[in-house]
């Protein structure tokens, strides 16, 4: 078991009718908020009105910054920073999924930086300060509500890059599972694939195998994601299943999921980022395309890890069966199309994708070659 | 799944050779520490010298407060407060198991209080401030290194009571599994029984059963405790097993273990506190005596919970078999004597124990009658 340092200061407020606490929680961080969210779903669902009502009751002024895209883009982040500066916002409220939260984290750090916020993503500058951030999660998936990382796409350079800092943990995250009861099936599926991959990146890439507690943690959260998603797909209004899934997705990337693992890498995320950057593929779908291919590509090298996963989660014995079961979960239970060809990406694009991916992979210091990426893409064809 | 609020700000530094970080971590909290520990084991092991060396390198002055008892007592807490006040200590360092940490938490709160520190334990006063606390854990068991609770025995009144506050989380906890390599077998066993009970109190007493994620979390941590303890009993020097056990014990009582459960109670702890208060029984042993009897007493009422536990952990079907397997783990694997009679407590004492327990139970607002306590004691006879 490898040495580690762990610290996660996020205050989680979880459950029914918790959105009405946003005003009171906000009052601790100032009088004026930049309110970051996506498109119409927040308004349609009525949660927008609840948020505004609670804020106004607590005399919190709101500067709105709607229009966050599913793969949030740097131009919109820059607009948000400008708005926050012009209005001298004290803090940020993000409402939505990982996109709204990640964009808010970027705005929060860019607020105090003289240069261009993209500098943080290309390691040109280091984050040393951020506006306080409160999140209201409505899509369980990225875990961003309980960690310090964030991912933004630079649409000019077709780079989907990440940044993180100890200043980027949300102060408070409100998780009301009722906000997810109306989530479309494909969104629920993308979220499940995303959260599962967060657990499996560390589990599959660790260079040590003597970390029983973290393996068991990974299996516990993954089991919950699989079984609660199955219930959700059958009955989208199942509050218990939605609640278990929502908390499981936070636990899948709050740091605990890889403690004690050795030299964890993020190969599936690195390759997926290229799919999102180049073709605007939803993140969870991109991961569903890449992860089975990644496992197949490495089936000899990490056979023990894949077999253990199979035994614990799918009650099968071999690595091959395990990958097949994972694919079956994605295609049959989550109803995802996990081939690149099914998603309109022909083999002629593979060179471009691997070239895009290799830049991020080299920045992340991972030992994955362009040939290996091409091989993985072929397996996902 | 019940609504919850979760926040755990403790910074965990985990792994080999991490004790040498105590000086640097301490320097953030001041120049003078009250150094709280037990008896000779810390000195014999050489860890005492390592701590002092690191503190002195960072110019931290140390006021020593050794002699913490396994069931720490209020008189020694009062001495510690006096010492800390006289020497104007900036913060506290606890080195040892839950006893040293719990006593330190009590001293940290008593430091700022004009009245007697026992007031916090009988709800006569509310904690609103505490000295910063850094812990160095050497016995995985209580989870106190990663939570905000603490338990002290008032030896004059024979009351073993608890207190907690948001100010009582340690700032930093250093967990070096190497400190546990020389832990005597019975100490390892007490720790395992303690940590397992922390998971099972919530799991068994919750009034809802729709909290899949937390059930799975409980099983994951419990599985790890059982399997790593088995390895430790065979090979005490097994670093991986010691490391998994150490982190599992923290995860067993850092708050996550009961999130979403409804009206969790602590009946086994309440009754055990009387055994410790009256007969100075080690806490983990006391819990090993009470918990199987508690399960037997409630085998009809909570049969579904016990059966689920049996299926997940012991691969058995019925509630009866589950309790038997749990007892077998305690007696055969941990080599504990789990009958009251084996521990020198005759039936003639049961009236006294139940009278002692009922006071704490009523203070904790639990619906357990004196007759029920007597019935549980008889089952543990």
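Read-outs: derived from the displayed coordinates by stated rules, not from any lab. Owing to the predicted nature of the structure, the values given are computational and were not obtained by experimental measurement. We place every Cβ from the backbone using ideal geometry, glycine too, and count neighbours over all the protein chains shown.
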Assign one of three labels to region B:11-178, namely rounded, prolate or oblate, based on the Cα gyration tensor with a ≥ b ≥ c the square roots of its eigenvalues; rounded applies when a/c is under 1.5, prolate when it is not and a/b is larger than b/c, and oblate otherwise. prolate
Using a simple spin-label model with points 7 Å from Cα along the Cα→Cβ vector, what separation in nm is obtained for residue A:56 and residue B:304? 4.4 nm
FRET efficiency estimate (nearest 0.05) - Cβ-Cβ, residue B:230 to residue A:27, R0 60 angstrom: 0.70
So what's the angle, to the nearest 10 degrees on a 0 to 90 scale, between helix B:319-328 and the longest Cα principal axis of chain B? 40 degrees
Computed over chain A: longest principal axis from alpha-carbon atoms vs helix A:47-57 long axis, angle to nearest 10 degrees, is 40 degrees
Rank these for me by crowding, B:242, B:231, B:301, going from fewest to most other beta carbons within 10 Å. B:301, B:231, B:242
Mean per-residue count of partner chain Cβ within 10 Å for B:250-256 equals 2
Computed FRET efficiency, Cβ-Cβ of residue A:379 and residue A:209, R0 22 Å: what is it to the nearest 0.05? 0.35
With a cut-off of 15 Å, note down the residues of region A:243-283 whose backbone N falls inside the zone around a label point 7 Å from the Cα of residue A:369 toward its beta carbon. none
Explain nothing, just the number: relative contact order of chain A, from Cα pairs under 8 Å at least 6 residues apart, as a whole percent. 16 percent
For the modelled label position 7 Å from the Cα of residue A:355 along Cα-to-Cβ, which residues of region A:128-166 have backbone nitrogen atoms closer than 15 Å? A:157-159
Comparing B:302, B:174, B:22 in a Gaussian network model of chain B (Cα, 10 Å), the one with the largest mean-square fluctuation is B:302
Quick one, what does Rg over Rh come out to for chain A if you take C-alpha atoms and the Kirkwood Rh? 0.95
Intensity falloff of the protein assembly as shown expressed as log10 I(q)/I(0), Debye formula with alpha-carbon point scatterers, at q = 0.06, 0.08, 0.09, 0.10 Å⁻¹: -0.38, -0.68, -0.86, -1.06
Counting DSSP beta bridges in chain B, what percent are antiparallel, to the nearest 5? 20 percent
Run through the DSSP bridge list for region A:11-178 and note the antiparallel percent, rounded to the nearest 5. 20 percent
Proxy exposure order for B:161, A:294, B:190, B:239 (fewest C-beta within 10 Å first) is B:239, B:161, B:190, A:294
Quick one: among B:168, B:348, B:362, which has the greatest mean-square fluctuation in a GNM of chain B with alpha-carbon springs under 10 angstrom? B:348
Among B:238, B:49, B:116, which comes first, then next, by fewest other beta-carbon atoms within 10 Å? B:49, B:116, B:238
Under the helix-only model (-39500 (n - 2.57) for each DSSP H run of 4 or more, divided by the residues of chain A), the mean residue ellipticity at 222 nm, to 500 deg cm²/dmol, is -14000 deg cm²/dmol
As I understand it, the value is the acute angle between the Cα axis of helix B:185-205 and the longest principal axis of the Cα atoms of chain B; what does it come to in degrees, rounded to 10? 60 degrees
Only bridges with both residues in the protein assembly as shown count here: give the DSSP antiparallel percent, nearest 5. 30 percent
When only Cα pairs under 8 Å and 6 or more residues apart are kept, what is the percent relative contact order across region A:183-379? 25 percent
For region B:47-87, just say rounded, prolate or oblate: build the C-alpha gyration tensor, square-root its eigenvalues into a ≥ b ≥ c, call rounded for a/c under 1.5, and beyond that prolate if a/b exceeds b/c, oblate if not. oblate
Classify region B:210-329 from the C-alpha gyration tensor, please: rounded if a/c falls under 1.5, else prolate or oblate depending on whether a/b exceeds b/c. rounded
Per GNM of chain A with C-alpha springs under 10 angstrom, the most fluctuating residue out of A:100, A:270, A:27 is A:27
